[in-house]
Number of protein chains: 2
Amino acid sequence: MDQSTAQKSTQAEREHKPHVLTLPLEQTRTDRNPHSYERWLVAKLMRMAGSPPVRFRLWNGELIDIGDQEARFTIHLSDPKALYSLVTNPNLAFGDLYSAGRLEVEGDLPDLMETLYRAVHAARQKWPKWLEALWRNHNPRPTGIAEAKENIHHHYDLGNEFYQLWLDHAAMQYTCAYYERPELTLEQAQLAKLEHVCRKLRLRPGMTVVEAGCGWGGLARYMARHYGVRVDAYNISKEQLTYAREQARKENLDQLVNFIEDDYRNINGQYDAFVSIGMLEHVGKENYLALSELIKRSLKPDGIALLHSIGRNRPMLMNAWIEKRIFPGAYPPSIGEFMEICEHGDFSVLDVENLRLHYAQTLTHWMERFSSNEEEVSTMYDEHFTRAWRMYLAGSIAAFRAGSLQLFQVVFTHGDNNRLPQNRQDLYAFPAAPEEA
Amino acid sequence: MDQSTAQKSTQAEREHKPHVLTLPLEQTRTDRNPHSYERWLVAKLMRMAGSPPVRFRLWNGELIDIGDQEARFTIHLSDPKALYSLVTNPNLAFGDLYSAGRLEVEGDLPDLMETLYRAVHAARQKWPKWLEALWRNHNPRPTGIAEAKENIHHHYDLGNEFYQLWLDHAAMQYTCAYYERPELTLEQAQLAKLEHVCRKLRLRPGMTVVEAGCGWGGLARYMARHYGVRVDAYNISKEQLTYAREQARKENLDQLVNFIEDDYRNINGQYDAFVSIGMLEHVGKENYLALSELIKRSLKPDGIALLHSIGRNRPMLMNAWIEKRIFPGAYPPSIGEFMEICEHGDFSVLDVENLRLHYAQTLTHWMERFSSNEEEVSTMYDEHFTRAWRMYLAGSIAAFRAGSLQLFQVVFTHGDNNRLPQNRQDLYAFPAAPEEA
């Protein structure tokens, strides 16, 4: 990564800094004795969550341990209101309280979150209807052209400098890496992902590619550099595009790669390949059929499309806290909903690969780097922001480990295209990861 | 293939020979001049079918060529009634008339069928509602336990001797082969398929496998022989099981492979792997969720399941003639319906591979062998049967070539299983096909 680039873009970033989290670190501490119904509430909460090996320490120091299993974690609550919001809306409150420092965790955070996810997943089968309704997540906010701009700005325009603190230095990839071998570095695994995607698209020199949602342009530049293709890369994040264009110029790739500041819905022309890595999560279910039609008309008769997205084993709403604080409008499709996109376009699905545990490992690498840069993050933003992002990264590791999130790479083509690869052997002909990175 | 086995089982076959096609070769020939509305009907039929490069020769020798494209095929109709049934119910009548010798084709049969499928697929978007309704296929017949027995008997108990005339001699596989290289023989490609499936299941010695719908037992014996696993293999076709057991005894595999004459719905126990090759087509949509639950309870916590089935890009009923005359109760799921099975069981889909063109090649190999044995088939059954099977094989080649049928191999596991293969590289570590077979 080039540090001077980072420095230059910082000025611009500061000027239109997106709305970061602004909840105050509420100081409502008390040491009054808990009421007996408060103790009962904690126990009830734990039982409803499937009795995970967790105990609570309340504001006065009192320990509550339901003791169904030996506790491996302790959750501290700073005040009675924290308990009430946790009990009434745990999906939202857990993250908010943690961010505000009103909920503290003793024990490994990703580990605790995975334990909670697994326990709740098993327990919710037995929840009464009223509890299911009380604790449900809500529909994601809309993802029309204007709203999408706002949604994307909220997350991806936080500042390139911030993301450079913990993303890989090889290609600035903010999506699942491909750990061809478990011991790969983050950089190697991200380059391996780019290579794996190019191979799945069966790119050849001179081909044309359109990329929907190109992030900082790492894939677009990789395709041009290593496969000699021409790329039109769409994005609506200004910050990311500034970086992407500057890098392309430096690498003399600006003749091959065209970065376009526009919504993916405005893609036109016909291409040999359509690729989108980590955008579908932001598209919104209501736009799937339009996306399908867009790919239909953007793909040449023998073109290949690849969608890479976080997904689910079955339809489920995004965690309320993530949707509200981290990724507005986000909705990861179930594998069936994913296939609706393919069915609607009469596409033929050629290949689906699930890289779930690769995302857990990617996130673990990100969190390691994030953790060692927390002081700098707090200076850039504030402690609340730092805690929120720590929770987001830890919760995401946990979700992929517990199987509540999946990572699907889906390759498809027009239904009547017979120019297909013989099999998938070519994807594995030689290592995808560079020896060093 | 062991010829003495084939001879021995022939006696049994003759005794409870299933209902083969019994439509008479109707002789309703005439040489009267066609009425003008009959000429109009032919032209209308062709236009509704998307004006493929086909001309008709009517019973009196008169040629009707709408001339939208230069004709590459000529279809002969022996009598006016043939025209009427073709116009009112083409899906059913085309195969029936061909079987009865009242419709003859000049030109390559698979090629004609592919041309028709492609033309109709494009044209049907513009069909008026009444035509869509008139020419629709019907729901497949039921697939309850008793009906399934009848359905399977109809097709798979035609006699091992018959299938031995044109299936591979290495493993008697009546499902899509895997052409790792395009020049493989049918035998090599079928063994490569078995090997590919075993690798996807990540079999290790001592594991236990349950197979739902085991055909003549080729996969079960291969798994035991090459991977040292114990297999419970279910089937409701008596003919197939007789052969399967005899082969297992001869190969000294009867300690490892247990062939069970029972419906897949009666599988019990827990296994390291659940595999089903070419049975899902016969399961029936109404039984998908029960199948999902069955797999759920039959699979150990870290077990892997593989379903291999003909499928569709979008939901569509089976061709009426195939469902009525060839495969009673058959319904190939769309990729979305396939995923419903996985979603219902909260399974995590790890891998989907589409082998569509491999099935076209498999069927081409089958048809070559079938064609050179047609005389023997006619002696075994009758000319009507021979023509019906010729049409079935040709139509199937065409359907896979035209993309109206797909072949999906889907690998999945319990949603909370983290003992997953690192990636798919191991599937391609060394050739799957033997050097000779």
Note the angle between two axes, namely the Cα long axis of helix B:356-371 and the longest principal axis of the Cα atoms of chain B, as a number of degrees from 0 to 90, rounded to the nearest 10. 70 degrees
How big is the shadow of the Cα convex hull of the protein assembly as shown, averaged over all directions, in nm²? 39.6 nm²
Treating only the Cβ atoms of Lys and Arg (+1) and Asp and Glu (-1) as charged, compute the dipole magnitude of region A:145-428 about its Cα centre; round to the nearest 20 debye. 580 debye
Taking H as built 1.01 Å from N, whose amide H comes closer than 5 Å to the amide H of residue A:407, not counting residues under 5 places away? A:311, A:355, A:356
Burial ordering of B:66, B:341, fewest other beta-carbon atoms within 10 Å first: B:66, B:341
So between residue B:131 and residue B:225, what do we pick up on full extension, going 0.36 nm a residue minus the alpha carbon distance? 28.5 nm
Of all beta bridges DSSP finds with both residues in chain B, what is the antiparallel percent, to the nearest 5? 45 percent
Looking at region B:36-134, what % of the alpha carbon pairs are farther apart than 22 Å? 21 percent
Given points 7 Å out from each Cα along the Cα-Cβ axis, report the residue A:106 to residue B:382 separation in nanometres with one decimal. 8.7 nm
Relative contact order (percent) for region B:145-428, with alpha-carbon contacts under 8 angstrom and 6 or more residues of separation? 20 percent
Please work out whether region A:186-234 counts as rounded, prolate or oblate from its C-alpha gyration tensor, where a ≥ b ≥ c are the square roots of the eigenvalues and a/c under 1.5 means rounded, while otherwise a/b larger than b/c means prolate and anything else oblate? oblate
Divide the volume of the convex hull of the Cα atoms of region A:389-437 by its number of residues and quote the answer in cubic angstrom per residue. 180 Å³
Using a 10 Å cut-off around each Cβ, can you sort B:74, A:362, B:386 from fewest to most neighbouring Cβ atoms? B:74, B:386, A:362
Computed about the Cα centre, the charge dipole of the protein assembly as shown from +1 Lys/Arg and -1 Asp/Glu charges at the Cβ has a magnitude in debye, to the nearest 20, of 1400 debye
Working only with C-alpha atoms, what are the Rg and Dmax values of region B:145-428, expressed in angstrom? 17.9, 56
Mind listing the label-point distances from residue A:127 to the same position on all other copies, shortest first, one decimal in nm, points 7 Å along Cα→Cβ? 4.5
Label 7 Å along Cα→Cβ of residue B:250; region B:204-235 residues with amide nitrogen under 18 Å? B:215-226
Between region A:116-148 and region A:169-185, what is the C-alpha centre distance in whole Å? 31 Å
Size of region B:63-189 along its principal axes in angstrom, Cα-based, largest extent first? 48, 42, 31
Rounded to the nearest Å, what's the spacing between the alpha carbon centres of region A:25-90 and region A:369-437? Just the number, please. 34 Å
Just rank B:310, B:335, A:267, fewest to most, by other beta-carbon atoms within 10 angstrom. A:267, B:310, B:335
Kindly give the distances from residue A:29 to its copy-mates, label point to label point, with each label point 7 Å from Cα along Cα→Cβ, as nm values to one decimal ordered shortest first. 10.4
How far apart, in nanometres, would the label points at residue A:39 and residue A:181 be if each is projected 7 angstrom from Cα along the Cα-to-Cβ direction? 5.7 nm
Say a label goes 7 Å from Cα toward Cβ at residue B:262 in every copy; what distances in nm does this one have to the rest, shortest first? 6.3
Summed side-chain charge close to residue A:403 - residues other than residue A:403 whose Cβ falls under 13 Å, Lys, Arg +1, Asp, Glu -1: +2
Theoretical gain in end-to-end length, residue B:123 to residue B:371 [0.36 nm per residue, Cα-Cα removed]: 86.1 nm
P(r) histogram, all alpha-carbon pairs of region B:321-437 included - 10 Å bins from 0, percent: 11, 28, 29, 21, 9, 1
Counting residues in region B:293-344 as N, plug N into 2.2 N^0.38 Å and put the Cα Rg over that result. 1.40
Only helices counted: for chain A, with every DSSP H run of 4 or more residues adding -39500 (n - 2.57) and the sum spread over all residues, [θ] at 222 nm is -13000 deg cm²/dmol
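Since every read-out is calculated from the coordinates, none of them should be taken as a lab result. Remember, it's a predicted structure, so these values are computed and weren't measured experimentally. Cβ atoms come from the backbone with ideal geometry, glycine included; neighbour counts cover every protein chain shown.
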